[in-house]
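Only one structure is covered here, and it is reproduced in the block below.
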Amino acid sequence: MFPYSSHSTFLRARAAARHDGHQADPPLPFGLAGLPWDGSVTNRSGARHGPAAIRQASHMLCDGVHPLFDVTPLGHLEDHGDLTVPNTSLSAMRQALLPQARALLARQHMVWLGGDHSVTLPLLQVYRERFGQPLALIHFDAHCDTWPDHFGEPSGHGTWLHEAFEQGLVRPECVVQLGIRSSAERQARERVRSEGGLMFEARALRGLESPGQLREVIEAVRRRMADAGHPPLYLTLDIDCLDPAYAPGTGTPEPAGMSTAQVMTLLEGWADLNWVGMDCVEVSPPYDHAELTSQAAAHFVWTYLSARVAQGPQTR
Ligand SMILES: [Mn+2]
């Protein structure tokens, strides 16, 4: 059913050697790893196959030279394959993920391919630890992910941002949400705004796609980060921020969403912010058509990496 090679790498970048203390090659500045977990989805499953599908889609990018940034991440990036995580319980997955993510983050600027959105909480914990301060966060999603519980369970793929606030992992006024439109009770839906962060619901973004049309949004976020002194900024990109027309291959699709070009314009407009990492989650290949969803994800990750390479040496 899934014709993806488990040996392929993102952009056909170098496959990282095993970390057994006998590393042959010096680390490259950027690393990528898959998190093949979908035990927390509430509707359609399949996101555990997301990393393989995104890698395969990235092969269309060929030499990887980005048309805006005029660089390729190749030569700067190594792919660690998928982390070893059990598809058993959420707590077992997170226990397995934490030490692996910690080791990789100590080594490189990382990009993570989900997996469902429950992987982002342990990742934020690792970044919070690493940088010694709460993170700024840009969060693309159809869903607020600030629900206080997961249908009676304490944690899931829609609670991680609530938990991140509770655990002091993020700097509330530097949390930015884009594309939100799902059904939700007001208190959860408005959580980021009530914490002092910025929200740009899908409704507010309708019809705005070009750099000129999105200038106010781009500038508002840039000002917010500058006013805060540019804290370390993490990107979490749930592919269901996109309209199902652009990304049908996801577990909880929500109509009337963002366009691929709209997200791209924003990522380009924020290319020089103080990024420290990103994840792209909730790509579910069994529901995809013509690789629309995995192609969009691959292009977003490639654009993020190209922007980082174009920015030169990392600040951290
Ligand atoms: Mn979502």
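Of the residues that make up segment 248-259, is at least one of a type in the set (A, V, I, L, M, F, W, C), over 15 Å from the mean Cα position of the chain (by Cα) and more than 13 Å from the ligand (Cβ to nearest atom)? I'd like the intermediate steps shown before the answer.
We begin by selecting, within segment 248-259, every residue of a type in the set (A, V, I, L, M, F, W, C); these are 256, 258.
Applying the additional criterion that residues be over 15 Å from the mean Cα position of the chain (by Cα) yields 256, 258.
Right, trim to more than 13 Å from the ligand (Cβ to nearest atom) and you get 256.
There is at least one residue in segment 248-259 that is of a type in the set (A, V, I, L, M, F, W, C), over 15 Å from the mean Cα position of the chain (by Cα) and more than 13 Å from the ligand (Cβ to nearest atom).
Any residue at all in segment 218-230 that is surrounded by 15 or more Cβ atoms within 10 Å (Cβ to Cβ) and either within 16 Å of the ligand (Cβ to nearest atom) or in a loop (DSSP other than H, G, I, E, B) (or both)?
No, the conditions are met nowhere in segment 218-230.
Quick check on Gln133: is it touching a residue at least 60 places away in the same chain (Cβ under 8 Å), away from the ligand (no atom under 16 Å from the Cβ), within 19 Å of the chain's Cα centre (by Cα) and surrounded by fewer than 23 Cβ atoms within 10 Å (Cβ to Cβ)? Before the answer, list the steps.
Details: touching a residue at least 60 places away in the same chain (Cβ under 8 Å): yes; away from the ligand (no atom under 16 Å from the Cβ): yes; within 19 Å of the chain's Cα centre (by Cα): no; surrounded by fewer than 23 Cβ atoms within 10 Å (Cβ to Cβ): yes.
Here the answer is no, as Gln133 does not meet what is asked.
Filter segment 141-176 for residues that are of a type in the set (Phe, Trp, Tyr) and buried (at least 20 other Cβ atoms within 10 Å of the Cβ) and give the result.
The answer is Trp147, Trp160.
Give me a count of the residues in segment 108-122 that are more than 25 Å from Gly269 (Cα to Cα) and away from the ligand (no atom under 16 Å from the Cβ).
Narrowing segment 108-122 to residues more than 25 Å from Gly269 (Cα to Cα): 115-116, 118-119, 121-122.
Among the residues that remain, those that are also away from the ligand (no atom under 16 Å from the Cβ) are: 122.
Total satisfying the criteria: 1.
Quick one: what pairs do we get from segment 141-157, first residue closer than 21 Å to Val263 by Cβ and within 13 Å of the ligand (Cβ to nearest atom), second hydroxyl-bearing (Ser, Thr, Tyr) and not in a loop (DSSP other than H, G, I, E, B), C-beta under 9 Å, 6+ apart or different chains?
Pairs found: Asp141/Thr236; Ala142/Thr250; Asp145/Thr120; Asp145/Thr236; His157/Ser118; His157/Thr120.
For segment 56-92, how many residues meet the condition of being touching a helix residue (DSSP H, G or I) at 6+ places or on another chain (Cβ under 8 Å) and touching a residue at least 24 places away in the same chain (Cβ under 8 Å)? Step through it out loud before you land on a result.
The initial filter retains those residues of segment 56-92 that are touching a helix residue (DSSP H, G or I) at 6+ places or on another chain (Cβ under 8 Å), namely 56-61, 64, 66, 68-74, 76-77, 79-80, 82-87, 90.
Adding the requirement that they be touching a residue at least 24 places away in the same chain (Cβ under 8 Å) leaves 56-61, 64, 66, 68-74, 76-77, 79-80, 82-83, 85, 87, 90.
Selection size over segment 56-92: 24.
Restrict the check to segment 189-201 and report whether at least one residue is of a type in the set (A, V, I, L, M, F, W, C), modelled with pLDDT under 95 and within 16 Å of the ligand (Cβ to nearest atom). Spell out the reasoning first.
At the first step, the residues of segment 189-201 found to be of a type in the set (A, V, I, L, M, F, W, C) are 192, 198-200.
Still in the running and modelled with pLDDT under 95: none.
Scanning segment 189-201, I find no residue that is of a type in the set (A, V, I, L, M, F, W, C), modelled with pLDDT under 95 and within 16 Å of the ligand (Cβ to nearest atom), so the answer is no.
Would you mind finding the one in Leu237, Leu273, Leu208 that is outside any helix (DSSP H, G or I), within 16 Å of the ligand (Cβ to nearest atom) and either closer than 17 Å to Gln177 by Cα or of a type in the set (A, V, I, L, M) (or both)? Please lay out each step first, then the result.
Numbers: Leu273 fails: within 16 Å of the ligand (Cβ to nearest atom); Leu208 fails: within 16 Å of the ligand (Cβ to nearest atom).
The match here is Leu237.
Suppose we filter segment 158-185 for residues that are within 15 Å of the ligand (Cβ to nearest atom) and charged (D, E, K, R); how many remain?
So the answer is 1.
I'd like to check something: does segment 148-156 contain any residue that is within 30 Å of Glu78 (Cα to Cα) and in contact with a Gly (Cβ under 8 Å, 6 or more places away or on another chain)?
No, every residue in segment 148-156 fails to be within 30 Å of Glu78 (Cα to Cα) and in contact with a Gly (Cβ under 8 Å, 6 or more places away or on another chain).
Mind counting the residues in segment 162-188 that are touching a strand residue (DSSP E or B) at 6+ places or on another chain (Cβ under 7 Å) and either of a type outside the set (Gly, Ala, Ser) or at pLDDT below 95 (or both)?
Kept after step one, since they are touching a strand residue (DSSP E or B) at 6+ places or on another chain (Cβ under 7 Å), are these residues of segment 162-188: 164-165, 169-171, 174-180.
In the following step, the residues that additionally are either of a type outside the set (Gly, Ala, Ser) or at pLDDT below 95 (or both) were identified as 165, 169-171, 174-178, 180.
Total satisfying the criteria: 10.
Pairs please, first residue from segment 280-293 and within 14 Å of the ligand (Cβ to nearest atom), second anywhere and of a type in the set (A, V, I, L, M) and at pLDDT below 95, Cβ atoms under 9 Å, 6+ apart in sequence or on different chains.
Glu282/Val41; Ser284/Val41
Can we say Leu267 is away from the ligand (no atom under 16 Å from the Cβ) and either hydrophobic (A, V, I, L, M, F, W, C) or at pLDDT 95 or above (or both)? Walk me through how you get there before you give the answer.
On the way: away from the ligand (no atom under 16 Å from the Cβ): yes; either hydrophobic (A, V, I, L, M, F, W, C) or at pLDDT 95 or above (or both): yes.
Here the answer is yes, as Leu267 does meet what is asked.
Are any of the residues in segment 297-312 farther than 24 Å from Pro211 by Cα and in contact (Cβ under 8 Å) with a residue 40 or more places away in the chain?
Within segment 297-312, the subset farther than 24 Å from Pro211 by Cα is none.
No; the residues of segment 297-312 include none that is farther than 24 Å from Pro211 by Cα and in contact (Cβ under 8 Å) with a residue 40 or more places away in the chain.
So, in segment 96-124, exactly how many residues are of a type in the set (S, T, N, Q) and within 15 Å of the chain's Cα centre (by Cα)? Can you show your working first?
Step one: filter segment 96-124 for residues of a type in the set (S, T, N, Q), giving 100, 108, 118, 120.
Among the residues that remain, those that are also within 15 Å of the chain's Cα centre (by Cα) are: 118, 120.
Total meeting the criteria: 2.
The values are calculated or read from the model by the stated rules, or taken from the named source; none is laboratory data. Keep in mind that what you see is a predicted model, and the values were worked out from it rather than measured. Ideal geometry is used to build each Cβ from the backbone, glycine not excepted, and the neighbour counts take in all protein chains shown.
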